[in-house]
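Every number here is computed from the coordinates shown, using simple stated rules; none is lab data. Computed from a prediction, not measured in an experiment: that's the story for all the values here. When we count neighbours, we look across all protein chains shown, and the Cβ atoms used for this are built from the backbone with ideal geometry, even at glycine.
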Amino acid sequence: MNHYTNNLNRKIFSYTLLIMSFIVSFNTHALNIMTLNTQWMWDYDNKHEGQIIGKKISAPTKEAYQEELKYYVDLIKNHNIDIVALSEIEKCGIAYDFKKQLGKKWTIICQKSRDSFTGQDVAILTRLKSIKPFSTFKYQYTYLRTKKIRPSKIISGVVSENNQKYLLVATHLISKRSRKNTSKRIAQAKSIVKGIKVMLKKHGQMPVIIMGDLNDTPDSKTLNILTQNMVNTANEHPVCSYLYRNKCVQLDYIIVSPSLSGGKLFSVKIPKKFSDHRAVIYKN
């Protein structure tokens, strides 16, 4: 009886150590993630590339730009963010201005988009170590049987933290201004899923994090496509990220692999003078 009890105690002790190691590992890899639509964040240089549906954008003053930049940087610091996706920035230079204020430990993943009309770009800022060259997605899907389409505003990169790799994807899908754009968003979503599969095959299996302004609702086909084998952190409790005709909807998302699920999702209201979107934050 004593021998049996001793063996049982040893097994319980071993299992306890194993569980504790999992807990430590989970805490080590806990991530704070943010997606942020800055709504036409242009710098004070008068040489602007874009326009808002035919209307030229006026450059802000240097003081106004620096005030906006400081607000966002403070927001990132206050929430102890590890990874942030930026949408609607004028160019990668904006992301570098973020990095200057965030510090040397931050890495930028950014490349000029193909959106020559608005001139908008997307970028990823992260405290994690970049270990693979970043890339834009080149994978096309047929739209309306004849047209080929791929996202114009998308960037990705592989980063690591404590020997754990992550595939980061930031994108800004086409707007809801036209009903025809619904089919385009679906095609773009298929392109993203295909691109992720290709990158995982090339770089090895790892957790995936998709961030950005997806311009669609949680129950849309666009989101259903993007959440294949993934977890939409808004599944249980969608948050307000955009106010449309006095109705609060979620357009900005953080989608993660199942291993990163179970965290807390919330949004933070941004002053109207900076953006009409709210920052969406996920802490796992």
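Using the structure shown, select from Lys190/Lys283; Lys70/Lys272; Lys153/Lys221; Lys129/Lys283 the pairs with a Cα to Cα distance greater than 22 angstrom. From Lys190/Lys283; Lys70/Lys272; Lys153/Lys221; Lys129/Lys283, over 22 Å: Lys190/Lys283. Anisotropy class assigned to the stretch 31-279 is rounded, per the alpha carbon gyration tensor with a/c under the 1.5 cut-off. Summing Lys and Arg as +1 and Asp and Glu as -1 over all other residues whose Cβ lies under 14 Å from the Cβ of Glu236 gives a net charge of 0. Summarising the amide proton neighbourhood of Ser113: residues at separation of 5 or more, or on other chains, whose placed amide H is nearer than 5 Å comprise Val122. Residues whose amide H falls under 5 Å from that of Leu31, counting only those 5 or more places apart or on a different chain, are Asn284, with hydrogens built in the peptide plane. Think of the stretch 31-279 as a dipole: +1 on every Lys or Arg Cβ, -1 on every Asp or Glu Cβ, centred on the Cα centre; then among Gln164, Val84, Gln188, Gln188 lies furthest on the positive end.
Applying the Karplus relation 6.51 cos²θ - 1.76 cosθ + 1.60 with θ = phi - 60° to the stretch 218-223 yields 3J(HN,Hα) values of x, 9, 6, 5, 4, 5 Hz, where x marks Gly and Pro.
Only the Cβ atoms of Lys and Arg (+1) and of Asp and Glu (-1) were treated as charged; on that basis the dipole of the stretch 31-279 about its Cα centre amounts to roughly 1000 debye.
3J(HN,Hα) couplings calculated from phi for the stretch 190-203 with the Karplus curve 6.51 cos²θ - 1.76 cosθ + 1.60 (θ = phi - 60°) are, in sequence order, 4, 4, 5, 4, 5, x, 5, 4, 5, 5, 5, 5, 6, 9 Hz; Gly and Pro show x.
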